[in-house]
Each structure stands twice: as structure tokens, then as C-alpha cells.
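This report concerns only the one structure given below.
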Amino acid sequence: MTLQKIADAMVEGDVETGKEMAQKALDEGHSPNQVLDDGVLAGMEVVGERFKNYEMYIPEVLSSAKVMHEVMEILRPKLVSGEQASNKGTVVLGTVEGDMHDIGKNLVGLMLEGAGFKVIDIGIDQPAKNFIEAVKKENPEVVGMSALLTTTAPKIKEVLDALEAEGLRDKVKTMAGGAVIDQAFVDENGVDAYGPSATAAMEITQQLVDEVRKNAS
Ligand code: B12
């Protein structure tokens, strides 16, 4: 089945097959979301498991990430539809300091853009001061933080503390996600919302934007 072949190509780090099968899946009538969920993310799940069990190592995982990137280039125009409503809300999005993982963050950004939000992606390995700078410059309703390592999760709290210190904590809502983040972490650290997936991020962002706008009016 074509979607399975995309997942296999992800695991094998086979860019050409990945791209070919993604195009074929779309031609066969699979929706871009199906290709994403049952092809790309299904493949990434296997990669994650194998990495955890030392059956795959960093260079191989990077090859899988490359396949994902290339397939996403095919899906991007289809996921980011015409629904670009500039007034829907702005999100500053970044991976916290010391953390280089960006696949999940990029996916969240892509889906949010697709849903019509303006996304300011400040990138990976971003210290709290860079989040603050972006908030001052872009005046977003929402700040989204990604962390995938036990060692970098505490950096989320640093961003929150910096927002507080700068008197910005009441002006924005915050959300966080990534492999080591869960509802308990978010509750304990005072983040406004936990985003388990890019799909969830779309709904959460809408709720947070609504809350900020309600409080401001
Ligand atoms: C790919 C990967 C890498 C790649 C990253 C490539 C890249 N460009 O991102 C490479 C090979 C570079 C890498 C390096 C390392 N990694 Co790594 N990596 C992974 C892996 C296999 C997959 C992550 C991924 O991309 N998943 C796919 C995406 C789509 O899912 P996601 O990230 O979870 O994102 C989704 C949700 O979480 C959510 N989300 C994510 N962010 C946000 C943000 C917001 C605001 C919201 C709302 C939602 C949200 O939505 C996303 C989309 O649905 C994970 C395994 C895992 N289970 O996560 C390990 C993993 C995260 N890595 C791990 C480790 C240990 C490392 C290294 C330390 C390894 C080493 N010894 O050097 C280094 C650290 C480098 C650094 N300083 O950051 C561990 C972390 C363990 C821990 N508890 O700390 C994991 C869990 C693997 C494991 N089980 O051991 N890694």
C-alpha cells in the first residue's frame, strides 16, 4: 500500500521513494492529512522506537528527517490552503535553548499556517531572551515552545519567568509540546496549554487567541 511505502521510505532514509510514493498517494486520492498521518508520522514513529532501542543511530535518523522534509515540501502547498486570514492571530514558535529538535515544531508551524494563523518561527536552540525579543517585536497572542529532551524541558520555565519579568505574562498565552512534555509538566510549570500534536495545536491556538482577545476587550 502506498502510504506504508512512504513510512518504509522514512525508515530507510530513501528520499526518492518517499517523494515518489507521496505524489502517488495524492494522485490515488489520499488526502494530504492521510499522507501525513499514515505515511510520514507512522514512519517517524518507527524511527523513534528504533532510535530508542539503539537499532538506529543519529546519521540514520537524520536521513529519515530528510525524507520527511522533502515529503513535507510536496504536502505543504496542499496543507497550507487559501485560508490565510491575517487577523486570525499570531504565534511565536521556537525550540528552547540547548535543543536541536525541530521536526515537530516545523509541523506545528505548518499546520497553524494552514489554519490561517501568522507564525513567527524563531528556530531551534532559542534562549528565553530571544522569545522575549520576538514577543516585543511581533506582539503575538500565543507563544509556543517545543522541547524534546529532559535536560531542555526546564528552559520552558525560563521563558515563562522572562515573560513575567518583562511584564508580558498577561499579554500572551503560552503552549508547549514535544516528547518529554505532558499535561502534568505544563500544570506544574504554569504553561497555559499542552499540545500533544500538531492537530491539537490548531485547536489550542484558537482557544488561546480567543482568551487573549476576550481579556483585552
Ligand atoms: C528525530 C530525533 C532526533 C534528530 C533531530 C532532527 C531534527 N531536525 O529535529 C537528531 C538525530 C538530531 C536527534 C538528536 C538527539 N536526540 Co533525539 N530524537 C529524535 C526522535 C527519534 C524523533 C523526534 C521527532 O522528530 N518526532 C516526530 C515529530 C513529528 O514529533 P514530535 O517532535 O513529538 O512533535 C509532535 C508533538 O510532540 C507536538 N509538538 C512538538 N513540539 C511542539 C510545540 C508546541 C508549541 C505544540 C503545541 C506541540 C508540539 O506536535 C508535533 C507534531 O505532531 C525522538 C524520539 C521521540 N519519541 O520523540 C528522539 C529523542 C527526542 N531524542 C533523544 C535524545 C537523547 C537525543 C540526543 C541527546 C542523542 C545524543 N546522544 O546525542 C540528541 C540531542 C540533540 C539536541 N541537543 O537537541 C531522546 C530524548 C530523551 C530524553 N528524555 O531526554 C528521544 C526521546 C529518543 C529516546 N527515546 O531516547 N534526535
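Observations on the model:
- Options Ser217, Ala200, Thr90, ranked by Cα towards positive dipole end of the chain, top entry (Cβ charges): Ser217
- The range 132-189 versus the range 43-65: alpha-carbon centroid distance in Å: 28
- Extension gain for Lys129 to Thr151 (0.36 nm times residue separation, less C-alpha to C-alpha distance): 6.1 nm.
- Distances between every pair of Cα atoms in the range 2-79, grouped in 5 Å steps from 0 to the bin holding the largest one, split as 3, 20, 31, 23, 13, 6, 3, 0 percent.
- Radius ratio Rg over Rh of the range 177-217, counting only Cα atoms, Kirkwood formula for Rh: 1.03
- Assigned charges on the beta-carbon of Lys, Arg, Asp, Glu; the chain dipole about Cα centre (debye): 600
- In the chain, helical runs assigned H by DSSP with n ≥ 4 each contribute -39500 (n - 2.57); averaged across all residues and rounded to the nearest 500, the mean residue ellipticity at 222 nm is -17500 deg cm²/dmol.
- A full extension of the chain between Ile58 and Asp182 corresponds to an added length of 42.2 nm, given 0.36 nm per residue minus the alpha carbon distance.
- Charge dipole (Cα centre; +1 on Lys/Arg Cβ, -1 on Asp/Glu Cβ; no other charges) of the range 37-111 amounts to roughly 240 debye.
- Peptides ranked, highest mean first, by Cβ atoms within 10 Å: ranges 72-79, 38-45: 38-45, 72-79
- In the range 25-122, lysine pairs with alpha-carbon atoms under 22 angstrom apart (chain gap of 8 or more, or interchain): 10
- Here's the picture: a label point sits 7 Å out from the Cα of Lys136 along the beta-carbon direction, and within the range 162-181 the residues with their amide nitrogen under 18 Å of it are 162-172.
- Relative intensity, log₁₀ I(q)/I(0), of the range 86-216 from a Debye sum that treats every alpha carbon as a point, q = 0.12, 0.13, 0.15 Å⁻¹: -0.36, -0.43, -0.58
Laboratory data are not the source of any read-out in this text; all were calculated from the coordinates shown. This is a predicted model, so every value here is computed, not measured. Positions of Cβ are generated from backbone atoms using ideal geometry, with glycine treated the same way; all protein chains shown enter the neighbour counts.
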